[in-house]
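A.B. asks: Mind looking over this structure? Questions follow.
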Amino acid sequence: MCTDGRGLGVPKKERERGNKHREEQNQPTPTLTTSNVVCYMATRVIPPRILRNLRYNTATKPLKSVHPPLSPSLSPSPCLPPPTSTVLRPAATPDLNFHDVEKLFSHVRTTALLRSAAVLHATAVEPFVDFGSWLLRSNLVNVPGLRELIFATVRATFYDHFCAGEDAPTAASKIQELNHAGLRGMLVYGVEDALDNDACDRNFRGFLRTIDVSRSLPPSSVSFVIVKITAICPMSLLERMSDLLRWQHKDPSFSLPWKQDCFPIFSESSPLYHTRTRPEPLTPEEERDLELAMQRFLELCQKCAQSNIPLLVDAEHTSVQPAIDYFTYSSAIVNNKDDNAIVYGTIQTYLKDAKERLLLTVKAAEKMGIPMGFKLVRGAYMSSETKLAESLGYRSPIHDTIDDTHECFNDCSSFMLEKIANGPGGVVLATHNVESGKLAAAKAHELGIGKVNHKLEFAQLHGMSEALSFGLSNAGFQVSKYMPFGPVETVMPYLLRRAEENRGLLAASGFDRQLMRKELGRRLKSAVF
């Protein structure tokens, strides 16, 4: 049975099984609700009377060693605060220490830690998720006065927790705070799908500003700039291109005159059911739109190459992913040179064909002498992918069990770690799963990758998995936070889509909540006694 955003129409056992699978996927998303929930949760953790008198030493971690910078040292923008010094970390070790909560959260102010605990508690309650999603989709947001109240509440609570700010300079300030605590930032201009060239041009200018702001930050504080191809190329064109690419995979004699050199996009196990009949060639207008989209993307790639900041392309659902991979791989062939991978792609390992596609692409890149970088994630479109496949009479392209997804992510991580230990390229291990973090850290230490940190980056979403982020950082690895920014109205579609696709992981944030409660209790005890 199909389900809407609230899970109606699905038997309880099916929902529980779906939530269990979703809770370990790697792209959780904030869920929005009202501020009184946060106030209530906050006072449940520490009484206001005690909180008012609570003081805590928030000194940062000791400075020990330097990591090589990824971005040039440029004068900061006058709109940004003075740059902080880059935090030095010890050599990487295989041990992740989550027992010393004082050290783990040493940089976090008590008020910030309290708010984080309250927000994570609220987002773990499904009725709050449902209510927040309903409210922000309802006509109430169009009522004058009420709209401003709703957005102000969202901005002051959940938006501020999960997002980096309403503009790039504000996001840059948060990145500098993170950098002072030993973490880095991935700037993400939080726009969604573009429907026409005007929207693509607006989004393109936003991505250009993101690169400019990244260049102005202290060296090594920004690890990547993120781009969404769906924001700079019309969605209808991406769907048409994906159909044509799938049909060519079925029939190699099928000619695509616009297609440039590219790594393999499909494997033998890749789902092709989206394209059921032979598609018509691109029209002259569509070819012009494709040329415009390629020009936008290539300009972004070139600007990142000049700034020595890698550009990471986000993955989307399988109906448009072939076209996104085409943009990524054809541009990587042009821009990735020597040992420097400027353009990174994304592999969603909850897909059954993920490992096979990764191996084929890496093999092709090695044959051409092109260094290739990848971000590995579990995935963010499980429910929609499964619904689409079922509607067309096919099995889901998603792994049948969460254990299969874990195994695929860990196998792909191990494969990429071995590749970058012995050759060019790079990998971003974007995971909120503690066991995957431990396995990858041990493997990296075994291979000696801790001493070539520019090839390896761990990553988590801003506002999520703080314990894992700081645990990896304390162990000597480079760790980034995925930081979407933009006006509340602009980022809202992104937040709502992520909320629906990943509500399970928000409910599974118990590990972080438990450690936060433990540290809040320790600080409370220290203040009282």
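A.B. asks: Once phi is turned into ³J(HN,Hα) by the Karplus curve 6.51 cos²θ - 1.76 cosθ + 1.60 with θ = phi - 60°, what whole-Hz value does each residue of segment 478-486 show in order, with x for glycine and proline?
C.D. replies: Rounded to whole hertz, the list is 7, 9, 10, 10, 7, 10, x, 9, x.
A.B. asks: Shifting gears a bit: What pairs from Lys259/Lys352; Lys419/Lys455; Lys228/Lys438; Lys250/Lys387; Lys103/Lys455; Lys303/Lys363 go past 22 Å between their alpha carbons?
C.D. replies: Numbers: Lys259/Lys352 26 Å; Lys419/Lys455 10 Å; Lys228/Lys438 29 Å; Lys250/Lys387 24 Å; Lys103/Lys455 27 Å; Lys303/Lys363 27 Å.
Those over the limit are Lys259/Lys352; Lys228/Lys438; Lys250/Lys387; Lys103/Lys455; Lys303/Lys363.
A.B. asks: What number comes out for the charge environment of Ile347, summing +1 per Lys or Arg and -1 per Asp or Glu over other residues with Cβ under 9 Å away? Show your work: numbers first, answer last.
C.D. replies: Values: positive: Lys355, Arg357, Lys375; negative: none.
It works out to a net charge of +3.
A.B. asks: Give me the percent relative contact order of segment 333-382, please, defined on Cα pairs under 8 angstrom at least 6 residues apart. Can you show the working numbers first?
C.D. replies: On the way: 54 pairs, mean separation 25.2, N = 50.
Reported relative contact order: 50 percent.
A.B. asks: Where nothing but the Cβ of Lys and Arg (+1) and of Asp and Glu (-1) is charged, how large is the charge dipole of segment 241-330 around its Cα centre, in debye to the nearest 20?
C.D. replies: Working: 8 positive and 14 negative charges, 29 e Å.
Result for segment 241-330 is approximately 140 debye, rounded to the nearest 20.
A.B. asks: Right, another one. Taking the highest mean first, how do the peptides 335-343, 437-445, 139-147 order by number of other beta carbon atoms within 10 angstrom per residue? Before the final figure, lay out the partial values.
C.D. replies: Details: 335-343: 19.4, 437-445: 21.7, 139-147: 10.6.
Packing proxy ranking, top to bottom: 437-445, 335-343, 139-147.
A.B. asks: Over what distance in Å are the Cα centres of segment 114-182 and segment 343-409 separated?
C.D. replies: If you average the Cα positions of each part, the centres end up 30 Å apart.
A.B. asks: Please list 234-245, 278-289 highest first by mean number of surrounding beta-carbon atoms within 10 Å per residue.
C.D. replies: Details: 234-245: 21.4, 278-289: 13.4.
Descending packing order for the listed peptides: 234-245, 278-289.
A.B. asks: With Cβ to Cβ distances under 11 Å as the rule, what net charge do the other residues near Pro169 carry (K, R +1; D, E -1)?
C.D. replies: Working: positive: Lys174, Arg209; negative: Glu166, Asp167, Asp212.
Local net charge: -1.
A.B. asks: On the protein heavy atoms, probe 1.4 angstrom, tell me the percent of accessible surface of segment 290-364 carried by carbon and sulfur.
C.D. replies: The C+S portion of the solvent-accessible surface of segment 290-364 is 51 percent.
A.B. asks: Taking every DSSP beta bridge that has both residues in segment 335-453, what percent is antiparallel when rounded to the nearest 5? Could you put the intermediate results ahead of the total?
C.D. replies: Working: 2 of 11 bridges.
DSSP beta bridges in segment 335-453 are roughly 20 percent antiparallel.
The values are calculated or read from the model by the stated rules, or taken from the named source; none is laboratory data. These numbers were taken from a predicted model, which means no experiment stands behind them. Reconstructed Cβ throughout: ideal geometry from the backbone, glycine too, with neighbour counts over all protein chains shown. Just the protein is used for accessible areas: all its heavy atoms, side chains included, with ligands, DNA and RNA removed. Shrake-Rupley method; radii C 1.70, N 1.55, O 1.52, S 1.80 Å.
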